[in-house]
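Only one structure is covered here, and it is reproduced in the block below.
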Amino acid sequence: MSWRRYIRWIKWPWRWVFDQRERKDYIAQAFSWSVATLIGSKSMVRESWAGAETLEGAKDVAVLVTWDAKGRVHDFLIEHMRALKKAGRAVILVSNSPEFPESQIERARPHCALIAWRRNRGYDFGAYRDGLMLVPDYDALESAIIINDSIYGPFQPLAPLLRKASAARADVWGMTDSWDTRWHLQSYFMLLHRNALQNQKIRGLWSRWKHVQSKSWVINKLEIGLTGQFERAGLTCAALFPYRDEVTRFAHTVRSNELLADESLAKPHRDLLERMLHLADAGAPMNPCHFFWDQLIAEGFPYLKREVLTANPIGMPRLYEWSDVVANAGKYDPDLIVRHLRTISKNRVV
């Protein structure tokens with residue numbers, strides 16, 4: 001091994017000894033894994049209810065996962081279920097919420113084929129797996145979308161995009177991809193075609209599933225690592241809006257329009273563009289859903305990550321114009337988002 005790798009090999013155990021945060025996280029992950037192993041692969045579903053549609057004979061499904069402190073089924077979520085149904089999907093709504101009032105079950109029922117309420121073990125990925133296992137005839141599935149409520153939309157019909165994400169081009173599709181840590185499809189939306197669903201290694205993954213209750217473990221092993229598991233199973237993975245295309249388009253737009261010298265833009269805006277351009281030139285990965293959210297929507301990307309509005313993690317200037325961007329993208333009513341933000345936001349105007 002090279003001397004740099006040798007130094008890292010020596011340094012790692014000492015870092016573990018002296019870095020208290022890393023040590024605590026490692027212990028917490030080990031404990032969570034041990035508990036998950038004892039529990040086994042059983043479903044965490046507490047109760048389920050039939051929806052207005054049917055899952056019998058379903059070949060194309062969508063498992064939509066939600067969490068809300070009070071178990072509410074918000075208007076934006078109902079609109080999402082309607083859009084998935086229009087795209088030919090039998091919708092399975094899986095709630096990880098601590099409570100699930102009957103009134104909210106009745107709100108959801110007309111828009112899906114099945115509603116499930118589960119213990120929030122394994123977070124979204126545990127819910128994805130448990131939701132797929134609720135399909136009466138899993139062997140008959142041709143495709144499945146696994147998707148969560150961390151996004152607003154869709155702002156355009158999904159059917160054209162789903163046709164573009166064909167089984168002939170890839171076995172597993174994401175809307176976007178990320179190069180953070182290592183290349184992977186971002187997990188808020190994945191489309192699995194039959195080759196993936198029926199792959200013996202993937203079916204083995206579902207049957208041996210561990211509902212690990214550690215966010216850092218879930219991020220490393222599933223949010224980032226699941227794409228690698230698909231590829232090791234011999235499956236091809238692709239993104240509908242690839243990061244490399246987005247960062248190249250961004251850099252070209254900034255340079256060709258000389259935006260860094262455009263004094264009509266506020267200085268914080270130009271500073272952010274300069275920082276993003278520096279990251280692009282350095283090959284440092286950026287989260288496309290944060291850094292390129294408006295560019296993506298203008299290109300036909302159908303979603304907006306909730307975190308962009310609730311936290312603005314990169315300090316995007318003029319974020320208050322998000323509703324204009326959404327309104328110009330299609331026929332989606334931005335007020336669906338505003339009503340949800342009024343419910344969950346504290347000390348923040350978006």
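The values are calculated or read from the model by the stated rules, or taken from the named source; none is laboratory data. Because the structure is a prediction, the values reported are computed rather than measured. Here the Cβ positions follow ideal geometry from the backbone for every residue, glycine too, while neighbour counts run over all protein chains shown. These accessible areas exclude ligands, DNA and RNA; they are computed on the full protein's heavy atoms, side chains included. Shrake-Rupley method; radii C 1.70, N 1.55, O 1.52, S 1.80 Å.
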Would you tally the net charge around Gln295, using a Cβ to Cβ cut-off of less than 10 Å, leaving Gln295 out, and scoring K and R as +1, D and E as -1?
-> -2
Taking each pair of different alpha-carbon atoms in region 141-186 once, compute 1/r for the pair, average those values, and report the inverse of that mean as the Kirkwood hydrodynamic radius in Å to one decimal.
-> 12.4 Å
Scalar couplings 3J(HN,Hα) for region 287-303 by Karplus 6.51 cos²θ - 1.76 cosθ + 1.60 (θ = phi - 60°), nearest whole Hz, x for Gly and Pro, are 6, x, 6, 8, 6, 10, 4, 6, 4, 4, 4, 5, 8, x, 4, x, 9
What translational D, rounded to a whole number of µm²/s, comes out for region 272-321 from Stokes-Einstein when the hydrodynamic radius is the Kirkwood one over Cα pairs, at 10 °C and 1.306 mPa s?
-> 137 µm²/s
With a point put 7 Å past each Cα toward its Cβ, work out how far Ala266 is from Asp137 in nm, to one decimal.
-> 5.7 nm
Report the GluC sites (Glu not before Pro) located in region 172-270 that are in a DSSP loop and have at most 15 other Cβ atoms inside 10 Å of their Cβ, or state none.
-> Glu258, Glu263
Multiply the residue separation of Lys164 and Arg119 by 0.36 nm, subtract the distance between their alpha-carbon atoms, and state the gained length in nm to one decimal.
-> 12.7 nm
When the Cα atoms of region 76-189 are enclosed in a convex hull and the volume is divided per residue, what value in Å³ results?
-> 129 Å³
What nm distance separates the two modelled labels at Leu259 and Glu231, each placed 7 Å from Cα along Cα→Cβ?
-> 2.9 nm
Heavy-atom surface of the chain, accessible at 1.4 Å and reported per residue (Å²) = 51 Å²
Protein accessible area in region 249-330, 1.4 Å probe - carbon and sulfur % = 49 percent
Which FRET efficiency value, to the nearest 0.05, do you get for Arg82 and Ala50 by plugging their Cβ-Cβ distance into 1/(1 + (r/R0)^6) with R0 = 22 Å?
-> 0.75
Inter-probe distance in nm under a simple model that places probes 7 Å from Cα toward Cβ, at Gln198 and Lys59 = 1.1 nm
Would you mind checking region 221-244 for residues with the amide N under 14 Å from a putative spin-label position 7 Å along Cα→C-beta of Ser41?
-> none
Per-selection metrics, region 263-350 (Cα): Rg and Dmax in Å = 13.9, 40
Is region 126-206 rounded, prolate or oblate when judged by the Cα gyration tensor, a ≥ b ≥ c being the square roots of its eigenvalues, rounded requiring a/c under 1.5 and prolate requiring a/b larger than b/c?
-> rounded
Using just the helices of the chain, give the 222 nm mean residue ellipticity in deg cm²/dmol: DSSP H runs with n ≥ 4 each add -39,500 (n - 2.57), and the total is spread over all residues, rounded to 500.
-> -13000 deg cm²/dmol
Modelled FRET efficiency - R0 30 Å, Leu279 with Thr343, Cβ distances, 0.05 increments | 0.30
Note: probe point = Cα of Ile219 + 7 Å toward Cβ; backbone nitrogen < 20 Å; residues of region 46-89 passing the test are 67
Using the reciprocal of the averaged 1/r over all distinct C-alpha pairs, how large is the Kirkwood radius of the chain in Å?
-> 21.8 Å
Considering only Cα-Cα distances, which of the following residue pairs are longer than 21 Å: Lys85/Lys331; Lys85/Lys215; Lys59/Lys86; Lys305/Lys331?
-> Lys85/Lys215
